[in-house]
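Derivation of every value follows stated rules applied to the coordinates shown; laboratory data play no part. What you see is a predicted model; the values in this text were computed from it and never measured. Don't worry about glycine lacking a Cβ; one is built from the backbone with ideal geometry, like all the others, and counts go over all protein chains shown.
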Amino acid sequence: MARYSRAELEIAFDNYRRLAREAGASGDWNAWADQFTEDATYIEHLFGTFGGREAIRRWITTTMAQSPNREMKFFPVEWYVIDDEKGWVVAQVWNRMADPGDGSLHQAYNFTLLKYAGNLQWSYEEDIYNPQPFQTMLRAWFAAKKTAGASA
């Protein structure tokens with residue numbers, strides 16, 4: 001029997017997405033960090049492994065305050081799968097930049113694995129991706145921003 005119901009996992013994942021939307025809009029990632037357990041593990045393949053909620057908080061608030069990361073405002077989910085036996089959610093998440101001024105869309109995706117711990121908290125997140133498409137996307141975004149600024 002599953003430890004958590006599919007309904008509870010859906011609610012927790014909806015909350016995860018809501019917190020990402022709010023953090024992207026406001027630039028304040030503290031509530032997003034609060035959804036992790038005190039002893040959570042976060043693996044981010046470019047930045048490293050973070051142990052514990054406060055380490056996750058320090059990393060996310062610092063990283064997302066820096067340019068160009070602070071312009072990564074939207075995190076739409078293309079698809080997700082819930083494994084209610086394990087309490088896991090796997091999703092393809094787009095990391096979308098703010099409009100550079102010309103209406104163009106700039107985004108790259110990662111696969112995210114979340115392990116649920118109950119009470120709307122996650123004990124584990126791993127973001128899996130190839131950094132090359134992110135670099136290509138950022139170069140195109142910077143070029144569009146420069147061009148849009150020159151024509152304004």
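General remarks:
- Unmet criterion (only one of (1) in a strand (DSSP E or B); (2) over 12 Å from the mean Cα position of the chain (by Cα); (3) farther than 15 Å from residue 124 by Cβ) for residue 41: (3)
- Here segment 41-99 is the region considered, the condition is being touching a Pro at 6+ places or on another chain (Cβ under 8 Å) and among the hydrophobic types (A, V, I, L, M, F, W, C), and the residue that is nearest to residue 112 (Cα to Cα) is 93.
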